[in-house]
Structures are given as C-alpha cells and as structure tokens.
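Where a number appears in this text, it was derived from the coordinates with a stated rule and is not lab data. This structure is a prediction, so every number in the text was calculated from the model and none was measured. Neighbour counts are summed over all protein chains in view; Cβ atoms, including those assigned to glycine, are modelled from backbone coordinates with ideal geometry.
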Amino acid sequence: MAFVEFMLRCLLEAMEHEEMCEDESDEVELHDKLHDKFPELSTKAFEVLSVIKDDPRLNAEAIGEHVSLSGRQVKTYMNTLKRFGLIVRVGSNKTGYWKVTLDDR
C-alpha cells in the first residue's frame, strides 16, 4: 500500500511540474512571437498580456497580483497593449472581458 501511495505522489508531483513548465513555455512563446513585431514592449507588458490571455476576466488589481505590479502599473501596461491593438475590451467595465487579438494578426 505504501508503494502505491508513493507512486501516486510521484505522479502528482510530475504532473504539477509539467503544468508549471507548460505555463513558462507559453509565456516564452508569446514573448518570442511578438517581440520582433513590437520590440518596444517590455517584459512586464508581455507578462500582463500572458495573464490576460490565460484569464480575460481579471481586473487590473488581480493581474497585478500575478505579475507583482500595482493595479495602476498594470493599467499603464494595458493602455500600451490597447494602443498596439493587442487587446480590446469586450462588454462593459463591470461584466466585460479582455480579448487578446493575437489570433487576428
């Protein structure tokens, strides 16, 4: 029985590690894909974009928690992303969401 528990724990740890690696590779892939087109965007802007892509209903404060920025700083990066046409707001401020327009390019 101990062996089965040990193996299950090992599988769980491997799956959790794989998820973390996938998240990091998605962020790197997004950065690589857009860096040539938008060299003036900072790494933090790409991080904000990645969080929005993962969960488009988050507000600036929640996004800031993911990328270690204040809500005000996130809003500045979001304005830059809007200016470059990488995100658009769909719906109202209260019930809407952010649409990442990478697929449209």
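Computed from backbone phi, the HN-Hα couplings of segment 86-92 come to 8, 9, 9, 8, 10, x, 7 Hz, rounded to whole numbers (Karplus: 6.51 cos²θ - 1.76 cosθ + 1.60, θ = phi - 60°; Gly and Pro given as x).
Computed from the Cβ-Cβ distance with R0 of 35 Å, the FRET efficiency linking residue 1 to residue 97 stands at 0.15.
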